[in-house]
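Here is the structure we will look at, set down as structure tokens.
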Amino acid sequence: MTNRRLPARLIFACLALLSASASVRAQGPNALEGRVVLPSGMQPAQSVRVTLTQSGRPIYETFTDLSGRFNFSGLRAGTYQLTAEGDGQTFETTSVTFDIGAFGGAQTFTQNIQLRPKAGASVPPAASVSAEEIDPDVPEAAKEKYRQGLKSAAAGKTEQAVKLLQEALGAHERFYAADLALAGQLSKLQRYDEALAAYRRAGELKPDRAEPYVGVGVTLVSQKRYDEGIKMLRGVVEVDKDLPAPYLSLGYAEMMTGDYHSAEGHLLRALELGRPALAHIYLANTYEQTGEPAKAVAQLEAYLKENPGSPQADAVRAAIEKLKKKAKDRKP
């Protein structure tokens, strides 16, 4: 139960999809980055599924990160549609159309998605700002650098966002929102030790908020410090069982350390709360490791049904055929 290697049948699909969750790839030279935001300008509390289509055909899908960001790479010139899936409670499924022009060289385009509030739902008005923005203890100079940092982050200018957010903290070091945003940008650059420090500073400022603890746990898992990440994320879900963000990383870390029973429960909970595509892949691996190939097949088939245009579809179908053969061979 301590074998940390993924089985050969699924390793290609798992590794490819791990990278696809942050930035999917195709054959074109262009990239698209953006952010999903509520009418208030803040990100939703949970990850949002974003689908990229062209001429009505699904191409890729991903989920937003803790700061509401998404990105796609390897895109050809053409007209595309981005769709952010509604949560059924506070905001509707929202689509925007954008064009990628053929200008010769590789370019990065930015397209944000402002969610439409669901009729009758209580959603903060567009003019509202975060508590940190109106905190009288935060000087205007720090607020302005913070706003500029968020704007750079939304435009995909990560290095610039880090610099501006650091300047905001230089102007006011007890700035919770700036530390949280800085941690997210540092994680994007894989500067994980610095991201951990920023998340922990945010946690010291607001120990009753879940976001810093989720950020610490997810970052530890990204560093393959699975035992530490598991401890942190389990603590989060014990306090708030309905928070979507921790479950996918928690289940993945448990799978990688061989705790398949716990991994199954947390990955199923991830699907219940947010339906992240990777949960199906991780569950399939978990079920294969526990000698349940039929259940693994069911998860991979669910993945294909929900993601018909996935670039990993062929690898997943090949894994399904091998698992079916394995299940057949097991029968007396």
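The values are calculated or read from the model by the stated rules, or taken from the named source; none is laboratory data. The shown structure was predicted, so the numbers you read here are calculated from the model rather than taken from an experiment. Virtual Cβ from ideal backbone geometry, glycine too; neighbours counted across all protein chains shown.
Taking every residue in segment 78-97 that is outside the structural domain of VAL36 (by TED's automatic domain parsing) and pairing it with any residue that is in a strand (DSSP E or B) and surrounded by fewer than 16 Cβ atoms within 10 Å (Cβ to Cβ), at least 6 positions away or on another chain, yields no pair with a Cβ-Cβ distance below 6 Å.
All conditions in (1) surrounded by fewer than 24 Cβ atoms within 10 Å (Cβ to Cβ); (2) touching a Ser or Thr at 6+ places or on another chain (Cβ under 8 Å); (3) farther than 28 Å from HIS280 by Cα hold for GLU173, with the sole exception of (2).
For segment 67-102, a tally of residues being closer than 27 Å to LEU182 by Cβ and either modelled with pLDDT of 80 or more or assigned to a strand (DSSP E or B) (or both) returns 8.
Could you tell me whether any residue of segment 40-49 is modelled with pLDDT of 80 or more and assigned by TED's automatic domain parsing to the domain that holds ASP99? Checked segment 40-49: at least one residue is modelled with pLDDT of 80 or more and assigned by TED's automatic domain parsing to the domain that holds ASP99. No other residue among ARG275, ARG269, ARG234 is over 30 Å from GLY74 (Cβ atoms) and within 17 Å of the chain's Cα centre (by Cα) apart from ARG269.
A single entry from TYR282, TYR303, TYR226, TYR287 fulfils the requirement of being of a type in the set (Phe, Trp, Tyr) and touching a Lys or Arg at 6+ places or on another chain (Cβ under 8 Å): TYR287. Just to verify a result, which residue in segment 204-231, among those that are free of Cβ contacts under 8 Å to residues at least 60 places away in the same chain and small (Gly, Ala, Ser), is farthest from THR257 (Cα to Cα)? Among those that are free of Cβ contacts under 8 Å to residues at least 60 places away in the same chain and small (Gly, Ala, Ser), it is ALA210. Within segment 143-158, residues that are in contact (Cβ under 8 Å) with a residue 60 or more places away in the chain and part of a helix (DSSP H, G or I) have Cβ atoms under 8 Å from residues that are among the charged types (D, E, K, R) and buried (at least 17 other Cβ atoms within 10 Å of the Cβ) in these pairs: ALA153/ARG35; ALA153/ARG69; ALA154/ARG35; ALA154/ARG69, counting only partners at least 6 apart in sequence or on another chain.
Residues that are surrounded by fewer than 20 Cβ atoms within 10 Å (Cβ to Cβ) and either assigned to a strand (DSSP E or B) or at pLDDT 80 or above (or both) within segment 24-36 comprise just one, ALA31.
Let's see how each residue does on (1) at pLDDT 90 or above; (2) under 22 Å from the mean Cα position of the chain (by Cα):
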residue: THR108; (1), (2): no, yes
residue: GLN114; (1), (2): no, yes
residue: SER122; (1), (2): no, no
residue: GLU132; (1), (2): no, no
residue: GLN160; (1), (2): yes, yes
residue: GLY170; (1), (2): yes, no
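Matching residues to (1) of a type in the set (Lys, Arg); (2) modelled with pLDDT of 95 or more; (3) in contact with a Gly (Cβ under 9 Å, 6 or more places away or on another chain); (4) within 15 Å of TYR247 (Cα to Cα):
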| position | (1), (2), (3), (4) |
| --- | --- |
| ASP193 | no, yes, no, no |
| ALA197 | no, yes, no, no |
| PRO207 | no, no, no, no |
| VAL218 | no, no, yes, yes |
| SER222 | no, no, yes, yes |
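Checking each residue in segment 281-321 for being surrounded by fewer than 17 Cβ atoms within 10 Å (Cβ to Cβ) and not aliphatic (A, V, I, L, M) picks out THR290, GLY291, GLU301, LYS305, GLU306, PRO308, GLY309, ASP314, ARG317, GLU321.
A single member of ALA183, ALA168, ALA197, ALA142 is surrounded by fewer than 18 Cβ atoms within 10 Å (Cβ to Cβ), of a type in the set (Gly, Ala, Ser) and over 22 Å from GLU254 (Cα atoms), and it is ALA197.
Kindly indicate whether SER152 is hydroxyl-bearing (Ser, Thr, Tyr) and modelled with pLDDT of 90 or more. So SER152 fails the test.
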